[in-house]
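Encoded as structure tokens, the structure appears first; notes follow it.
The values are calculated or read from the model by the stated rules, or taken from the named source; none is laboratory data. What you see is a predicted model, and the numbers here were worked out from it, not measured in a lab. All Cβ positions, glycine included, derive from the backbone under ideal geometry; neighbour counts span all protein chains shown.
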Amino acid sequence: MYRIDIMTLFDETVGDMMNESILGRAQERDLLRIEAHQIRDYTLNKQKQVDDYPYGGGRGAVMQADPLYQCWRHITDTFGPGHTIFLSPAGKTFTQEEAKRLLNHYDHLILVCGHYEGIDERFIEECVDEELSIGDFVLTGGELPAMVVADAVARMVPGVLPDPECFQEESHYNGMLEYPQYSRPETWHGRTVPPILRSGNHALVARWRRKQSLLRTWRRRPDLYEKLDLTSKEDQKLLTELREEEPDFQG
Ligand SMILES: C[S@@+](CC[C@H](N)C(=O)[O-])C[C@H]1O[C@@H](n2cnc3c(N)ncnc32)[C@H](O)[C@@H]1O
């Protein structure tokens, strides 16, 4: 079973979010377990204070090493060692490739959520294996980033989604953006679903979708497009068609 422990100051909120919907059902089926741990439960002071002033001065507070360490020790003593990740805007940027790596290399993750100005560096040195950022911006706490990482990894655990195709065909799994999606009704506000999607011809639908993915990736994410291997005969054919059909397309 894949296990994710989240060390947080908001265990109830995180626990509730992670127990909803698809991930909740996967946990009921014992495919995975995501558990949130309240760092304050591991303080030795009455006020359950987990932060103090930063050495060197300056504004704000820093989360102290010991409550984090005691919480982390409790998790590793109870559930065994886990690959420990501190969510931090100073970490390596999290991507679908990173999610695949975490899924394939580990079966137990411990995610540490910071707050205030961050956490005491000595805890990082002693217990953290890597730092991950969810993007070049700063949030008030590590809970949203931890849930982002947990969700992205957990939905790829075998059995969580009905079929691996569910995530393999999505944006970023193969370095491309997904094609446009449509549902009923056939016509809405005068806009009609592309006829090929109603043809029932699976091969033609797959071809149309790949072409749309190529076009969308070229238009929206040239950085991803330029890394694609489009040397196959079939892709070369699709590119020729796109050049004829889309006047702006130069991929
Ligand atoms: C206000 S931030 C601290 C920012 C820190 N002083 C800095 O400048 O790098 C508080 C906590 O939110 C989390 N956090 C904020 N932005 C994040 C991001 N982009 N990715 C991952 N975690 C983030 C981290 O756990 C961080 O310790």
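Among what's in the range 62-114 and is among the polar types (S, T, N, Q) and outside any helix (DSSP H, G or I), pick the residue that is farthest from ALA154 (Cα to Cα). Walk me through how you get there before you give the answer.
Restricting attention to the range 62-114, the residues satisfying the condition of being among the polar types (S, T, N, Q) are 64, 70, 76, 78, 84, 88, 93, 95-96, 104.
Narrowing the set further to residues that are outside any helix (DSSP H, G or I) leaves 64, 84, 88, 93, 95.
Details: GLN64: 29, THR84: 16, SER88: 20, THR93: 18, THR95: 14 Å.
Filtering first and then ranking leaves GLN64.
Scan the range 64-114 for residues that are more than 20 Å from PHE137 (Cα to Cα) and within 14 Å of the ligand (Cβ to nearest atom) and jot them down.
Answer for the range 64-114, where residues must be more than 20 Å from PHE137 (Cα to Cα) and within 14 Å of the ligand (Cβ to nearest atom): GLN64, ALA65, LEU68, THR84, ILE110.
Name the single residue, out of those in the range 140-152 being surrounded by fewer than 20 Cβ atoms within 10 Å (Cβ to Cβ) and β-branched (Val, Ile, Thr), that is nearest to the ligand (Cβ to nearest atom). If you could, list the steps in order and put the result at the bottom.
Residues of the range 140-152 surrounded by fewer than 20 Cβ atoms within 10 Å (Cβ to Cβ): 140-141, 144, 148, 151.
Then keep just the ones that are β-branched (Val, Ile, Thr); that gives 140, 148.
On the way: THR140: 6, VAL148: 8 Å.
Once the filter is applied, the top-ranked residue is THR140.
Exactly one condition in (1) surrounded by 15 or more Cβ atoms within 10 Å (Cβ to Cβ); (2) within 13 Å of the ligand (Cβ to nearest atom) is false for GLY58; which is it?
(1)
Within the range 174-186, work out how many residues are surrounded by 11 or more Cβ atoms within 10 Å (Cβ to Cβ) and modelled with pLDDT of 95 or more.
Here is the first cut: in the range 174-186, the residues surrounded by 11 or more Cβ atoms within 10 Å (Cβ to Cβ) are 174-180, 182, 186.
Checking which are modelled with pLDDT of 95 or more leaves us with 175-180, 182, 186.
Residues flagged as surrounded by 11 or more Cβ atoms within 10 Å (Cβ to Cβ) and modelled with pLDDT of 95 or more within the range 174-186 amount to 8.
Output yes when any residue across the range 42-51 is within 14 Å of the ligand (Cβ to nearest atom), in a loop (DSSP other than H, G, I, E, B) and within 25 Å of GLY135 (Cα to Cα), and no when none is.
No.
Which of the residues that make up the range 1-26 are of a type in the set (A, V, I, L, M, F, W, C) and either over 19 Å from MET63 (Cβ atoms) or assigned to a helix (DSSP H, G or I) (or both)?
Step one: of the range 1-26, the residues of a type in the set (A, V, I, L, M, F, W, C) are 1, 4, 6-7, 9-10, 14, 17-18, 22-23, 26.
Across the range 1-26, the qualifying residues are MET1, ILE4, VAL14, MET17, MET18, ILE22, LEU23, ALA26.
Can you tell me which condition GLU97 does not meet? The list is (1) surrounded by 13 or more Cβ atoms within 10 Å (Cβ to Cβ); (2) modelled with pLDDT of 95 or more, and all the others hold.
All conditions pass for GLU97, except number (1).
At pLDDT 95 or above and farther than 24 Å from TYR2 by Cβ: does that describe ILE119?
Considered against the rule, which asks whether it is at pLDDT 95 or above and farther than 24 Å from TYR2 by Cβ, ILE119 comes out as yes.
Looking at this structure, is ARG216 under 23 Å from SER171 (Cβ atoms) and either surrounded by 11 or more Cβ atoms within 10 Å (Cβ to Cβ) or touching a strand residue (DSSP E or B) at 6+ places or on another chain (Cβ under 7 Å) (or both)? Spell out how you get there, then give the answer.
Values: under 23 Å from SER171 (Cβ atoms): yes; either surrounded by 11 or more Cβ atoms within 10 Å (Cβ to Cβ) or touching a strand residue (DSSP E or B) at 6+ places or on another chain (Cβ under 7 Å) (or both): yes.
So ARG216 fits the description; yes.
Quick check on this structure: which one of ARG33, ARG122 is surrounded by fewer than 18 Cβ atoms within 10 Å (Cβ to Cβ), outside the structural domain of TYR173 (by TED's automatic domain parsing), in a strand (DSSP E or B) and in contact (Cβ under 8 Å) with a residue 24 or more places away in the chain?
Within the list ARG33, ARG122, the selection yields ARG33.
Residue check: is PHE137 over 16 Å from ARG40 (Cα atoms), under 21 Å from the mean Cα position of the chain (by Cα), near the ligand (Cβ under 8 Å from one of its atoms) and not in a loop (DSSP other than H, G, I, E, B)?
no
Here's the yes/no breakdown for (1) farther than 30 Å from LEU23 by Cα; (2) outside any helix (DSSP H, G or I):
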site: SER171; (1), (2): no, yes
site: ALA206; (1), (2): no, no
site: TRP218; (1), (2): yes, no
site: LEU242; (1), (2): yes, no
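Could you tell me which of the residues ALA150, ALA99, ALA146 is in the same structural domain as GLU35 (by TED's automatic domain parsing) and within 30 Å of GLN212 (Cβ to Cβ)? Give the steps one after another, and end with the answer.
Values: ALA150 fails: within 30 Å of GLN212 (Cβ to Cβ); ALA146 fails: within 30 Å of GLN212 (Cβ to Cβ).
On inspection, the qualifying residue turns out to be ALA99.
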